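A short write-up of the structure that comes next.
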Amino acid sequence: MADKKTKKADVTGEETIKTEQPAEVLETAAAVEEPAAEVVAAQEETAATSEYVSDAFLEVRNLCKYFVVGTNFFGRPNKWLKAVDNVSFKLQKGKTLGIVGESGCGKTTMGRTILRLHDVTSGEVWFKGEKISDLSNREFDKRRPHMQMIFQDPYASLSPRLTVGEIIGEAARQHGMVDKAGFYDYVIEVMKMCGLQPHYFERYPHEFSGGQRQRICIARALALKPELVICDEPVSALDVSIQAQIINMLIELRKTLGLTYVFISHDLSVVKHISDEVGVMYLGTMVEYGSKESIFENTLHPYTKALFSAVPVPNVHVKMNRVILKGDIPSPVNPPSGCKFHTRCDNCMEICSKVAPEYKEVEQGHFCACHLYNSEEDTARLWAAYEEEQRRIAEEYAAKHAKHKPEKVAEGEDDGAEAPAEVQGIPEGEHSGQAASE
Amino acid sequence: MAVDKQERNKHYISRKESREIAKNNSKMIRNFEKQKKRKIRPEEYVTEMKDPNNIVEFDDLHTFFFSDAGTVKAVNGVTFSVPAGSTVGVVGESGCGKSVTSLSLMQLVQAPSGQIVSGSIRFRADMFKLDEHGRKIPVYETETDEDGNDKLDENGNKIYKLDARGKKIIKKNELGGNMYEMEREVVDIAKMPTQAMRMIRGREISMIFQEPMTSLNPVFTIGNQLDEVGKLHIEGISKEKVKERSIEMLNLVGIADPEGVYKKYPHELSGGMRQRVMIAIALLCNPKLIIADEPTTALDVTIQAQILDLLREIKGKINGSIMLITHDLGVVAEMADYVVVMYAGKVIEMGTAEDIFDRPLHPYTIGLQKSKPTVDQVTDELYCIPGFVPNPINMPNYCYFRDRCDKCMEKCSGEYPGYVQVTPTHKVACYLYKDMAKEETNG
Amino acid sequence: MEEEIKMENPEESEIPVAPENEENNEISQDKLHGESLGDRVKALSPAATVAKRFFRSKLSMIGLVTIIVLFVFSFLGPLCSPWGEKEADNNKSDAMISGSYITYSVDDTELSGEEITYAWNRTLNDYAGISGDHWMGTDRQGYDVFSRLMYGGRVSLTIGFVVILLETLLGVVLGGISGYFGGWVDNVIMRIVDLLSCIPTIPLMLILGFALNGIGDLETSIMKLYIIMGVLCLIGWVGTARLVRGQILSLREQEFMLAAKCSGLSTRSKIFKHLLPNVIPQLIVSMTLGLGNVILMEATLGFLGIGAPLSTATWGNMINLVQDMRIRSYYPNMWIGAGVCITLAILAFNFVGDGLRDAFDPKMKR
C-alpha cells in the first residue's frame, strides 16, 4: 500500500475510502452501476444461514469489503472498489495462515476487516464460536485484547510522542489487565519477552531502528495477551538480517504463548517458512487455499505458479526458467470480467474471460478457483448459467430503456455478448460472477 | 520510574558534546565548500585508470555526513571497480552506504552536510574536446567521394559542405544531435567541478531510482519529461528527432503503446510502467553506465520479474554497464556478474557472483544468505544474525561486524582487518582467512 | 581489482582457524541484546533536536532576542521610569515676563518707564522635545512618550497573548471535534467556520466600537478594548480550527491510530494522548505567527480610535496621533517610537514563528 488516496465518505462518515491504485482508478472510465443490489443479495444470503455456528477458532465466511470510490450527484454511491470479495476460510487454534498476494489484492484490507478496523460490507467473521462481525462497536472493543494486529510500517505505527513503555502498556492498563502499581513490571516483562532492554522504557520510538521498532509493535500487541494476532507484512520493511530475527521471534512466541497467526505478506518465502496453511489472493478474491505442503508441492492455480517462479532465488545457478506474467495488475475498481486473472494468464480459455470460476475443493483441503480444474459438466453448467444470466440482463436492460432509446438496446446487447465489461453500462463481470457463485 | 536519570541520559548527547560536534561540523563543511568553490583546472581531475578494462574505479572513497549526532561515515574507504559491459551488484542492508556510494559517483551527495572527504572515483568518460576558449569543437560535414573518404582540395584540406548562407554544416551524430570532437578521458569525479560534472550526469551515467512514484514530475507528461532530457543532453537535436528518440526508447523498454504513453501523465501509469519510463529516460542518451538504486524494491514480485528481465535485455542492447544497488540477494544473484557486499560503510567481501553465492566467506555474507528463507527448501528455524545494523557514527577500529559475528575470535578485537585475496577474483576482509591467503601466496 | 593484501603479524596467523560453515543457530540471549556498537551512537533528544535547529537560524535568534528585549522594556521598564502612564509633566518652568508703564521719581525728578517683572511659573509641559528628562519628549497631554511606550507595550503584548491563547483553545477544541468525529458534527462546525470567515473584521469592529460607547462608562474604560478583542477571538478561531482539523484528519489515517483503535483505547485517550500531542508543533508555530497579527490588529483599532480610550497608553493609540497633521509633521517623536515597536514586535514574532516551523519540520535537513 505504497500510495493511499483517502477521501471523505458521504455525510454519515461511516467509512473512509481507500483506493489502492489511484492511477488506474482514474484511467478506467467504466463505472460499476448499482452493486447495491448485489450487496443486498449477499446480505440476504448471510441471513439465510444465520443458524450456522462455527466450530473453528477463526472462521471467515463470504467476507466482502467494498469501498465507495464514486458517488453520483446526490451522494449515492455508484462506483465500488471490491477490496475483499467473497473470501472464506477456517483456521484452527495454534495454526498459522499465510496470506500471499501482490499490492492491491486486498490482503491488508481483509486483515483489517476481520479486526473490524474497517466495517464489514457483508459476510461473517466467527471467533471462538462467536459471530464477531455483528457485534456493536462497544461490545467488540471488549474483545479487542484477544485479537491484535502487527502493522507493516514500524515507523508509522508508533505514536511519535509517547514513550516506549507507555505505547506498550497503555492499552493493558485501560483494559484493566494491570494496575498502576504493577504497570512497570508488567511492561518490562513484555519487553523482555520481545527482546527489548528495560532501559528503553522511557525512550521515544524515533531513537530506534526499524527492527527494534517492530519489536515494540509486537510487544504492544502481546501486552494485551491476545490469542489471535494478525501480522500485516511485519517484516517487509526490515533489513534481511533483522527479518530473520523477527520471524524467529514470532515463531518462538507462537510456541510459548500458543498464538494463532494470520500472516499477511507478499514474500512467499517468508510465508512458506512460517505458515501451516496458505491462501493466495488476487484482486480481492482467494484464488487458491490449502495446507502449505499442498500449495507448494502441488500448485494448482496459474497465478500461484507465476508468483512462485517470480521470486528471485539467491543462487546463481538457478536462472531464468520462470513464468513472467505479462501486463500489470488490473485495477480493483474495474476488475476484468470472468476470471479476474484471465488477462495475464497463459492458460486462458474462452470461458475464462466470461465466467468467473467457482472456488471449490479440488483435492482434500485444497481449494482453487480456476476453470482448468472444472469437470466437463461443471463447464457446461457454468456456460448455461452464464447464458441464462446474459439473457436476463439483456431483457432487463431492454425493458428499462425500450421507451427512451430503442436503438441503443441492440448495441448494448451486442457488447454484452462479446466484449468484456469495459465500456458499456452493465457490469457484466459482476453479474455473471454472481450467477456462477449461486 | 525505575530507570534512573543517568541511565537515560547516557543515550542522549550532552550539551557539551553537541557543541563540540557543531563546531567541528561547521569547520569541516566550510573547508570542503571552499575547496569546491575555487576554480579547478582540468589537469587536476584528469587521471589514469588502474585497469583499462574498467569503466569506474572507486579508490578508497570516503564520503561523510557531518550531522548533529556526529560524523556519519557513510562510505568509509570503499574500493571496487565496475568492468566495462558487466553488471556489478552492490548488496547491503540499510545504512551500509551503498546508496551514498552511488550518489558520490553522481556528485549528488546532499551538501553541505554530506561531503566526499577523500579518495577518488575514476570514470572513463567521453568528454568534449575544448578549444583554447573553452568552447566545444564541432565536426563539420565534408564532401566525400564514393568510398566515403574525405575529398581534399589542392592544398590537402577537407572540403566542407556549406548551407544556403555559406556556413559550414555541423555533422549529426547517431542520436540526431550535433557532433563535436570528443576525446576519451579518465576523470576523477571526486575532484571534478560541478560544471563539468553536468556533462557526465545523464549523458554518460544515468540513474534509476527506487520510488517510481516520486521520481517523475506529476505535472508534466511522460513525453515532456523524456524530451526534456533529450534536448538537454543531445545538443542541436531537432524537435521531431527528440520525439522520435523518446518513443523509440519507450518502445525499447517494452511499453506496448509508446505513442499513447508519451501523452500520458505519470499518475495515469502503474508502478511498473513508471519504472519502465524511468528506465527509458535513463537510456535516452546511450549512457555508458546505469546506476539502478533499488529499482524493484517498490514493485510487486511479478512486476519485479518483468523489470529485471528488461534490465538484462537492455544491457545487452546498449552495451553499457549496470551498477545495481539492492538489499535483495535474490535480485543480485539473478542479475550481477560481480558482487560487492557492504557493511557499515565498508566493503567486506567482493567477487564474482559465483564466488559470493557458492563460496561466501565473510560471516556476514554467510549469515545474510542463511537468514533469508527460500521457497525451495524447508528449515525449522531461520539462521539469524544477532544485534542491529550499526549506524556508522563513532565506529571503533576493529571489525565492525565483531559484535554480531558467531565466529568471533580474539584477533577480531585488533585493528580493522585488511583484505585477503582468496582467489584472483575473490576478496574478503576477515581474520578467518588470513592464513588461507598466506598459504596461497606461499604455495 | 587489485588490492594489496595486508599481511598480519606472523604470531597471529599461527592460530589455526578453519572456516567452519555449519549452522550455528544457538545464539545466547546475551548476544542478542549485546549492542555495544549501537550504544556508541548517542541520539539527540527530541527537544534538543528542535532547539538545535532553531538556534541554528540567525533570523529566529534575532527575533527571539527582540521579543525578550520588548518584554523587558514593557514589563520591567516602567519600574525604572520616573513618569507614570497618565502622569502629566506640570513642571515646565515658564518665565513670565510682564511689563507695565509706571512713573517713578528719582531725586525728585519724575520719570516714567517700564517695569519688567520676571516670574517663574510652573505649567503643563506639553509638546516637549527630546531632553534628558523626557527621552522622547512629551505628548499633547504632557505625558512622557517613552514611559507611555513601555506601558503601551504591556497592553499590546498582553492582549496578544490572551487573544491567541483563547483563539487556540477554541480552535483546538472545535477543530479537534470536527476532525476526529467527522460526519455531521464536522459538517456543522465547518459550515460555522465558513460563515465566520465571511464576516469582515474592520467594519464589525467599527460598529462594535461605536455601539459600546453608549453602554455605561465603557467609553472611558479599557474594558472596551478587551470586549472588542474578545469578539475578535470569537471569529478568529476559525483559522486554528481549520489547521487542527486538517492535521487530525491526516493523523487519523496514520497507522498508529489504527493501532490505537485495534488496542481498543478509549476515545479520550486517542484524542488527548495520540492525536493532540502531534498537533502541538503546528499549533505553536501558528500561535507565534498569530501573535504578530493580533498586535497589528490592536494597532489598527487604536489607529481608528475605537480601541482603548485615548488616554490609555497602547501602541495603537500612540500611532493614532499621526492623524493630527501638526504632530505628524513637527513632532515625529510622539509616534515614531510606537511604530517602530509594532514593526519590531511583528517582525520578531514572524521570525521566531518561521524558525520554529523549520525546527519542528522533520523533513528539514539543513
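The values are calculated or read from the model by the stated rules, or taken from the named source; none is laboratory data. Owing to the predicted nature of the structure, the values given are computational and were not obtained by experimental measurement. No Cβ is skipped: glycine too gets one built from the backbone with ideal geometry, and neighbour counts run over all protein chains shown. Note: areas computed on protein heavy atoms with side chains; ligands, DNA, RNA excluded. Shrake-Rupley method; radii C 1.70, N 1.55, O 1.52, S 1.80 Å.
Relative contact order for chain B: 17 percent, from Cα pairs under 8 Å spaced at least 6 residues apart, divided by residue count. The apolar share of the surface of chain C, taken as the fraction of accessible area on carbon and sulfur atoms (1.4 Å probe, ligands and nucleic acids excluded), comes to 62 percent. Ordering B:TYR419, B:VAL117, B:ILE170 by the projection of their Cα atoms onto the charge dipole of chain B, which places +1 on the Cβ of Lys and Arg and -1 on the Cβ of Asp and Glu, puts B:VAL117 at the extreme positive end.
Computed from the C-beta positions of B:THR423 and C:VAL69, the FRET efficiency with R₀ = 60 Å rounds to 0.25.
Could you list, in their original order, any pairs among A:LYS107/A:LYS180; B:LYS243/B:LYS288; A:LYS93/B:LYS372; B:LYS73/B:LYS372; B:LYS151/B:LYS243; B:LYS136/B:LYS346 whose Cα atoms are separated by more than 30 Å?
Long pairs (Cα-Cα over 30 Å): A:LYS107/A:LYS180; B:LYS151/B:LYS243; B:LYS136/B:LYS346.
Restricting the chymotrypsin sites (Phe, Trp or Tyr not before Pro) of the stretch A:43-143 to loop positions (DSSP other than H, G, I, E, B) with no more than 13 neighbouring Cβ atoms within 10 Å leaves A:TYR52, A:PHE73, A:PHE74. If both residues of a DSSP beta bridge must be in the protein assembly as shown, then about 70% of such bridges are antiparallel. Dipole magnitude for the stretch B:138-179: about 400 debye, using +1 per Lys or Arg Cβ and -1 per Asp or Glu Cβ, origin at the Cα centre. Only Lys, Arg, Asp and Glu carry charge here, each on its Cβ (+1 for the first two, -1 for the last two); on that basis the stretch B:269-376 has a dipole of about 300 debye about its Cα centre.
For B:GLU183, the accessible area of its heavy atoms, probed at 1.4 Å with every protein chain present, is near 60 square angstrom.
Couplings for the stretch C:109-121, taken from phi via the Karplus curve 6.51 cos²θ - 1.76 cosθ + 1.60 with θ = phi - 60°, read 8, 8, 10, 10, x, 9, 9, 10, 10, 9, 10, 9, 10 Hz in order; Gly and Pro are left as x. Here the stretch B:109-161 is treated with +1 on each Lys and Arg Cβ and -1 on each Asp and Glu Cβ, and its dipole about the Cα centre works out to around 680 debye.
Within the stretch B:119-174, the GluC sites (Glu not before Pro) that combine a DSSP coil assignment with at most 13 other C-beta atoms in a 10 angstrom radius are B:GLU132, B:GLU143, B:GLU146, B:GLU154, B:GLU174.
Using r as the Cβ-Cβ distance of B:LYS167 and B:ILE40, and R0 as 22 Å, what FRET efficiency do you calculate, to the nearest 0.05? Taking R0 as 22 Å, the efficiency between B:LYS167 and B:ILE40 is 0.05. By definition, a body whose alpha carbon gyration tensor gives a ≥ b ≥ c is oblate when a/c is 1.5 or more and a/b is not larger than b/c, and the stretch B:138-179 fits this oblate description.
Summed over both chains, the contact between C and B buries some 4200 Å² of accessible surface at a probe radius of 1.4 Å. In the stretch A:109-166, Cα pairs under 8 Å separated by at least six residues give a relative contact order of 21 percent. Positive-end ranking of B:PRO218, B:THR142, A:TYR155 along the dipole of the protein assembly as shown, with charges on Cβ about the Cα centre, is headed by A:TYR155.
Here is how the number arises for chain B: DSSP H runs of 4 or more residues each give -39500 (n - 2.57), the sum is divided by the residue count, and the result at 222 nm is -9500 deg cm²/dmol.
Taking 0.36 nm per residue of sequence separation and removing the Cα-Cα distance, the C:LEU234/C:MET96 pair yields an extension gain of 44.0 nm. Dipole orientation for the protein assembly as shown: of the candidates C:ILE164, C:ILE306, A:VAL270, C:ILE306 has the Cα lying most toward the positive pole (charges on Cβ; Lys, Arg +1; Asp, Glu -1). Averaging the Cα positions of each part gives two centres, and for the stretch B:17-71 and the stretch C:303-325 these lie 60 Å apart. The length gained by stretching the chain between B:TYR140 and B:ASN155 to full extension, at 0.36 nm per residue less their Cα-Cα distance, is 3.6 nm.
Only Cα pairs under 8 Å and 6+ residues apart enter the sum, and on that basis the relative contact order of the stretch C:275-342 stands at 24 percent.
Distant-in-sequence amide contacts of A:ASN78, defined by a placed amide H-H separation under 5 Å and a gap of 5 or more residues or a different chain, comprise A:GLY70, A:THR71, A:ASN72.
Of B:ASP147, B:ASP355, C:ASP108, B:ASP328, the order by accessible heavy-atom surface (1.4 Å probe, DNA, RNA and ligands excluded), from most exposed downward, is C:ASP108, B:ASP147, B:ASP328, B:ASP355. Relative to one another, the C-alpha centroids of the stretch C:264-292 and the stretch B:269-328 are positioned 43 Å apart. Residues of the stretch A:318-367 that bury at least 40 Å² of accessible area when the other protein chains are present, relative to the chain alone (probe 1.4 Å, heavy atoms, ligands and nucleic acids excluded): A:LYS319, A:MET320, A:ARG322, A:ILE324, A:ASP328. The string of couplings for the stretch B:319-324 from the Karplus curve (6.51, -1.76, 1.60, θ = phi - 60°) is 6, x, 10, 10, 10, 9 Hz, one whole number per residue in order, with x for Gly and Pro.
Restricting attention to chain C, the count of lysine pairs at 8 or more positions apart or across chains with alpha carbons under 24 Å apart stands at 12.
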